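Any read-out appearing in this document is the output of simple, stated calculations on the displayed coordinates, not a laboratory observation. What you see is a predicted model; the values in this text were computed from it and never measured.
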Amino acid sequence: MDKEYQIQGTRMKFWMPKEVDHHKAAALRDQLDRLIEMHQIRELILDFSETEFMDSSGIGVIIGRTKTIGFYGGKVEAVNLSAQVKKICCASGLHRLINIREVAENDG
């Protein structure tokens, strides 16, 4: 993957890594929090097109960023989820907190 994130104004699209597990959760939280604060992000789009595996640590990362951005009146969306990741999001109830949608490749 050529890029990890793209920022336009207060909107950021962030490409999630191949694996979102407890080994990567802390670094991912720190990176997202730093970017959200530095760029005053109010709309966060998490792109899971490269993600093959996610465990409960990944759910925690998403919920935490949802709370942070929600505090400022913003929102979080998840796009391009594999069947496995979508199943975890639905089983955890995450789909009730954030918008989960399919997206065309050229949606940026």
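Along each principal axis, taking the top coordinate minus the bottom one, the Cα set of the range 5-101 gives 31, 26, 19 Å in descending order. Counted residue by residue at 0.36 nm each, then reduced by the alpha carbon distance between them, the extension gain from PHE71 to GLU43 reaches 8.9 nm. Of all aspartates and glutamates in the structure, those lying under 19 Å Cα to Cα from LYS87, and not within fewer than 8 positions of it along the same chain, are GLU19, ASP21, ASP47, GLU50, GLU52, ASP55, GLU77, GLU102. Database remark: amide H of ILE100 closer than 5 angstrom to the amide H of ALA78 (H placed geometrically; neighbours at sequence offset of 5 or more, or on other chains; Pro and chain starts carry no H).
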